[in-house]
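K.L.:
I'd like to ask you about the structure that follows.
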Amino acid sequence: MRFMVMHKMTEEMEQGLAPEPELMAKMGQLIEDAMKAKVFVSGEGLRPSSERVHIAYKGGNRTVTRGPFKNATQLPGGFGLFRVRSEQEAIEWCDKFAAVLGDVELYLGPIVEPWDLGMMPKPPNAPLRFLSMHQVDESQPAAPPSPELMAKMGALIQEMTEAGVLDATGALAPTNQGARIRYEGDKRTITDGPFAESKELIAGYAIFDVPSMADIMEWTIRFGDIVKVNEIDVRLMQG
């Protein structure tokens, strides 16, 4: 079973403050342990919401709103990790996604790279990577995708892959198959899904491939104890 663990923004993250060396060391150890256990798939961090955009498609029209976003709500239904030359190119790929899916809202933001953290020099002509996360409203019943829609989405994924744009993509199962962890000081509260959209935007994610919900919760609790955030969502991935 593949799960996406998403931690939410804090004031320190919104300010773009670099993580403490101790935190980096502990996170590196967690990833190393997860890789040795053969359960770690991938993970990325996002830059502050001031560097992100919210894109809403409705009735064939597109509205782009630039961050920062305060009290914005987010409940992802899936993601795409793009490798592009500019933000505008990333937005144009989002346009193609919306042309297939129809009315949809998404957040698009740049990924934190190793050179942003001082871990290595920035390579010459380094590509830009952006994470797009489209939103869902689980209060509205969703019809299963038609074969025509699946074929169009498959063709778009193939086009992006052949263009060298798509690093990764995935869909998330409904929240009734997930969990949310809320931290208040040293107190940790775990709530099984379903759960509503959150007013804290996603700050980063890690994908694990584990046998069960119990297994992913063990990794998530360890992850949360390191990153010191207010909220983490655990979502089962589809497919």
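The values are calculated or read from the model by the stated rules, or taken from the named source; none is laboratory data. Quick caveat: nothing in here was measured; it's all calculated off a predicted structure. Cβ atoms come from the backbone with ideal geometry, glycine included; neighbour counts cover every protein chain shown.
K.L.:
Can you tell me which residue among ALA179, ALA203, ALA155 is of a type in the set (A, V, I, L, M), closer than 24 Å to VAL64 by Cα and at pLDDT 95 or above?
P.N.:
Residue meeting the stated conditions: ALA203.
K.L.:
Which residue, of MET217, MET153, is more than 17 Å from MET6 (Cβ to Cβ), of a type in the set (A, V, I, L, M, F, W, C) and under 20 Å from the mean Cα position of the chain (by Cα)?
P.N.:
From the options MET217, MET153, the qualifying one is MET153.
K.L.:
If you don't mind, there's one more thing I want to ask. For the condition within 30 Å of GLN29 (Cβ to Cβ) and modelled with pLDDT under 95, what is the one hit in ASP225, ASP137, ASP192?
P.N.:
Selected residue: ASP225, the only one of ASP225, ASP137, ASP192 that is within 30 Å of GLN29 (Cβ to Cβ) and modelled with pLDDT under 95.
K.L.:
On to the next question. Kindly indicate whether SER212 is over 24 Å from VAL53 (Cβ atoms), modelled with pLDDT under 95, exposed (fewer than 13 other Cβ atoms within 10 Å of the Cβ) and hydroxyl-bearing (Ser, Thr, Tyr).
P.N.:
no
K.L.:
Next up: Across segment 69-97, which residue is surrounded by the most Cβ atoms within 10 Å (Cβ to Cβ) among those that are in a helix (DSSP H, G or I) and of a type in the set (A, V, I, L, M, F, W, C)?
P.N.:
Per the stated criteria, the residue is ALA90.
K.L.:
Further question on the same structure: Among what's in segment 221-239 and is basic (Lys, Arg) and outside any strand (DSSP E or B), pick the residue that is nearest to PRO19 (Cα to Cα).
P.N.:
Top of the filtered list is LYS228.
K.L.:
In addition: Quick one: is PRO123 loosely packed, with under 12 Cβ neighbours inside 10 Å, out of contact with any helix residue (DSSP H, G or I) (no Cβ under 7 Å at 6 or more places or on another chain) and at pLDDT below 90?
P.N.:
Criteria not met by PRO123.
K.L.:
Let me ask you something else. Inside segment 98-202, counting only strands (runs of 3 or more DSSP E) that do not spill past its ends, which hold 3 or more residues that are closer than 30 Å to ASP215 by Cα and of a type in the set (Gly, Ala, Ser)?
P.N.:
166-171
K.L.:
Same structure again: Considering only residues of segment 35-61 that are surrounded by 13 or more Cβ atoms within 10 Å (Cβ to Cβ) and among the charged types (D, E, K, R), which is nearest to the chain's Cα centre (by Cα)?
P.N.:
That would be GLU44.
K.L.:
With the checklist (1) at pLDDT 95 or above; (2) part of a helix (DSSP H, G or I); (3) among the hydrophobic types (A, V, I, L, M, F, W, C) in hand, flag the one item PHE3 doesn't pass.
P.N.:
Only one criterion in (1) at pLDDT 95 or above; (2) part of a helix (DSSP H, G or I); (3) among the hydrophobic types (A, V, I, L, M, F, W, C) is unmet by PHE3, namely (2).
K.L.:
Which condition from (1) farther than 30 Å from MET1 by Cβ; (2) in contact with a Gly (Cβ under 6 Å, 6 or more places away or on another chain) is the one that LYS70 breaks?
P.N.:
(2)
K.L.:
For segment 185-195, check the following and say yes or no: at least one residue is surrounded by 12 or more Cβ atoms within 10 Å (Cβ to Cβ), over 15 Å from the mean Cα position of the chain (by Cα) and more than 27 Å from VAL41 (Cα to Cα).
P.N.:
no
K.L.:
Further question on the same structure: Tell me whether segment 167-177 contains one or more residues that are surrounded by fewer than 18 Cβ atoms within 10 Å (Cβ to Cβ), hydroxyl-bearing (Ser, Thr, Tyr) and touching a helix residue (DSSP H, G or I) at 6+ places or on another chain (Cβ under 7 Å).
P.N.:
Yes, that holds for at least one residue.
K.L.:
Further question: Taking interchain pairs and intrachain pairs at least six residues apart, which have beta carbon atoms under 6 angstrom, with the first residue in segment 168-187 and within 24 Å of LYS228 (Cα to Cα) and the second of a type in the set (A, V, I, L, M) and buried (at least 21 other Cβ atoms within 10 Å of the Cβ)?
P.N.:
GLY178/VAL234; ALA179/VAL234; ILE181/ILE232
K.L.:
In the set VAL39, VAL64, which member is in contact with a His (Cβ under 9 Å, 6 or more places away or on another chain) and modelled with pLDDT of 95 or more?
P.N.:
VAL64
K.L.:
Which residue out of LEU106, LEU128, LEU117 is among the aliphatic types (A, V, I, L, M) and crowded, with 17+ Cβ neighbours inside 10 Å?
P.N.:
When all the criteria are applied, what remains is LEU106.
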